[in-house]
Amino acid sequence: MSQSVQIKNALISVYYKDHLEPVIHELKRLGVNIYSTGGTETFIRSLGADVIAVEDLTSYPSILGGRVKTLHPKVFGGILARRNFESDEQQLAEYQIPEIDLVIVDLYPFEETVSSGAGHDDVIEKIDIGGISLIRAAAKNFKDVVIVASKDDYQELEGLLKTQEGTTTYDQRRRFALKAFNISSNYDSHIFNYFNAQEEEPVAVFKQSIQTSQVLRYGENPHQQGTFYGNLDAMFTKLHGKELSYNNLVDVDAAVALIDEFNDPTVAILKHTNACGIATRTHIKEAWIDALACDPVSAFGGVIIANDEINAETATEISKIFFEVLIAPAYTNEAIEILKAKKNRIILIRQRVELPTKQFKTLLNGVIEQDKDLVIEGPEQMTAVTAKQPTEQELKDLYFANKVVKHTKSNTIVLAKNNQLVASGVGQTSRVDALRQAIEKAASFGFDVKGSAMASDAFFPFPDCVEIAADAGITAVLQPGGSIKDQDSIDKANEKGIAMVTTGVRHFKH
């Protein structure tokens, strides 16, 4: 359809007036009658444009502290009247209601008010009534009415007013209506979630709405489309490199979750969401060198994350290998110049933003949701269950290993020593295979597992892992416990003379 409608009358009532001025000038040039309220009315007058107060149209003032301004048949009748219905046209004439062809209205900043930490009463006052009603009404009647519900669309409207001399096509009005319904549904979702979060027994529904998005080069594979919904610019400042891909983002998410477990200078290298190297040291350069030593083969093309500033010396070392993404809270100017030597490297500064505490994904014909695993057990939550007690250093190594195991695909075993990943067995179908993989991998990169600590993401249903670990020289073992055969593993640890602790918390990651 290309049915054109000439804009003769406009209703404008907005919270944000940024970039509205050029639109007002165009409406004035075209001789459009403008109806408005409150601060918007004052703003329009200040630009030298004629404006009719809505209260003059309705013969009712703004009442209840501004809660009721536009809720009147003379406003909504003019918006909802069907131009091709004779009975509607007759009623407009009978009640002296002008046809409103353009509605420019936005909504009180509810989401922003909640995010600011404002009190409950302030939040409630930011639930828009008139605005949301005007948006719905105008969008419903898009065949005859243009609805502009966001300041982001003012420039597009200005362009149409200039090039089409105040006319709009059916397709253009429908597109504006689509955007308007997106805004109204997002608004309602955030209001519902605000109320639902305060309930002792929340309503069990899945309701998420994110307004910003970024089309990715492709999804997990080149034949799949991919989109990220969210504001990456709020979390990262990109200093260099190509755009992040779907797989980059998945790895970056895993990297951020892992590094947040550590406070002292730490570097982690991830490949397919699993750490192939991680070390904590006094200085970030040493942390990088020891992280890379864990598995320099898998580090090729990986994602690197640090929790401290990258200086020139560290950047020089990191630049010796090929990597996809480097993330740090800060870089020296010299480091940036060194790292920019390869054009495709993605260099990110991480900004501190509040991260969601829920996780969800599509599954079968629905969605599953869970709380994030925000628990990590330190030495104070470790219960020694063997005759041999872990040493202070072994407790530190068990804590380190436990942090890594929490962020590694099940079934997994992690070996650590002196705040360094020695090796891990990742995503195996049996825990025995995971342990054997870790031991073999450690040997292949010249690591001696003797004296190392071992963490398991789940309990041992049989004592075989304990026996293999002890025979390899591992001296301390952490597991959640909870198997009906826990005692078999404890007995084997006692027999082999190694220490074992339980935490009571399992860390599966699928």
Can you give the calculated 222 nm mean residue ellipticity of the chain, where each DSSP H run of n ≥ 4 adds -39,500 (n - 2.57) and the sum is split over every residue, rounded to the nearest 500 deg cm²/dmol?
-11000 deg cm²/dmol
Taking all protein chains as present, what is the carbon and sulfur share of the accessible area of region 77-172, in % to the nearest whole number, probe 1.4 Å?
47 percent
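If each residue of separation counts as 0.36 nm, what is the full-extension length gain between Phe228 and Ile321 once their alpha-carbon separation is subtracted?
30.6 nm
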Mind checking the full-extension length gain between His272 and Ala197? Use 0.36 nm per residue of separation minus the Cα-Cα distance, one decimal, nm.
23.6 nm
At a 1.4 Å probe radius, carbon and sulfur cover how many percent of the accessible area of region 278-362?
53 percent
Suppose R0 equals 56 Å. What FRET efficiency, 1/(1 + (r/R0)^6) with r the Cβ-Cβ distance, do Leu178 and Val375 give to the nearest 0.05?
0.85
Report the Cα centroid-to-centroid distance between region 142-205 and region 275-294 in angstrom, as an integer.
49 Å
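Does region 387-435 come out rounded, prolate or oblate, given a ≥ b ≥ c as the square roots of the eigenvalues of its C-alpha gyration tensor, rounded meaning a/c under 1.5 and, failing that, prolate meaning a/b above b/c?
On the way: a/c = 2.53, a/b = 1.73, b/c = 1.46.
Judged from the Cα gyration tensor, region 387-435 comes out prolate (a/c at least 1.5, a/b above b/c).
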Residue by residue, what Karplus-based ³J(HN,Hα) values in Hz, rounded to whole numbers, does region 366-382 have, using 6.51, -1.76 and 1.60 with θ = phi - 60° and x for Gly and Pro?
x, 9, 10, 9, 8, 5, 4, 7, 9, 9, 9, 9, x, x, 5, 9, 8
Can you return the lysines within cross-link range of Lys179? Criterion is Cα-Cα under 26 Å, with same-chain partners fewer than 8 residues away left out.
Lys8, Lys17, Lys28, Lys69, Lys74, Lys126, Lys140, Lys143, Lys151, Lys162, Lys207, Lys361
Top positive-direction residue, dipole computed over region 437-510 with Cβ charges, set Ile474, Phe447, Ser489
Phe447
Please compute the net charge surrounding Arg431, taking Lys and Arg as +1 and Asp and Glu as -1 over other residues with Cβ under 12 Å from its Cβ.
-2
Taking r as the C-beta separation of Ser444 and Lys162 and R0 as 60 Å, the FRET efficiency to the nearest 0.05 is 0.30
Quick one: compute the contact order of the chain, relative version, from alpha carbon pairs under 8 angstrom and 6+ residues apart, as a percent.
9 percent
On the accessible surface of region 363-424, probed at 1.4 Å with all protein chains in place, carbon and sulfur together account for a percent value of 50 percent
In nm, the gap between the two label points placed 7 Å beyond Cα toward Cβ at Asn221 and Arg45 is 6.6 nm
Could you check the spin-label model distance between Ile52 and Ile127? Points 7 Å from the Cα along Cα→Cβ, value in nm.
3.3 nm
Whole number in Å², please: accessible area per residue of the chain, 1.4 Å probe, ligands, DNA and RNA not counted.
50 Å²
Environment charge of Ala442, counting only residues whose C-beta is closer than 12 Å and scoring Lys/Arg +1, Asp/Glu -1
+1
Tell me, what is the FRET efficiency for Ile289 and Glu243 to the nearest 0.05, using R0 = 35 angstrom and their Cβ-Cβ distance as r?
0.70
If the cut-off is a Cα-Cα distance under 18 Å, which lysines reach Lys403, setting aside same-chain residues fewer than 8 apart in sequence?
Lys271, Lys372, Lys417, Lys509
Could you state the number of Å between the C-alpha centres of region 43-90 and region 382-457?
70 Å
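Does region 382-510 classify as rounded, prolate or oblate by the C-alpha gyration tensor (a ≥ b ≥ c root eigenvalues; a/c under 1.5 gives rounded; else a/b over b/c gives prolate, otherwise oblate)?
Verdict is rounded for region 382-510.
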Sequence gap at least 6, Cα distance under 8 Å: using those rules, report the relative contact order of region 183-228 to the nearest whole percent.
27 percent
With label points set 7 Å from each Cα along the Cα-to-Cβ direction at His19 and Leu363, the distance between them in nm comes to 4.1 nm
Environment charge of Gln3, counting only residues whose C-beta is closer than 12 Å and scoring Lys/Arg +1, Asp/Glu -1:
+2
Any idea what the relative contact order of region 8-154 is, in percent, if you count C-alpha pairs under 8 Å spaced at least 6 apart?
28 percent
Enumerate the whole-percent occupancy of each 20 Å bin, from 0 to the last occupied one, for all C-alpha pair distances of the chain.
19, 37, 26, 15, 2
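The values are calculated or read from the model by the stated rules, or taken from the named source; none is laboratory data. None of the values given here were measured: they were computed from a predicted structure. Here the Cβ is made from the backbone with ideal geometry for all residues, glycine too, and neighbour counts use every protein chain on show. For the accessible areas, the whole protein counts, side chains as well, though only heavy atoms, and no ligand, DNA or RNA atoms are used. Shrake-Rupley method; radii C 1.70, N 1.55, O 1.52, S 1.80 Å.
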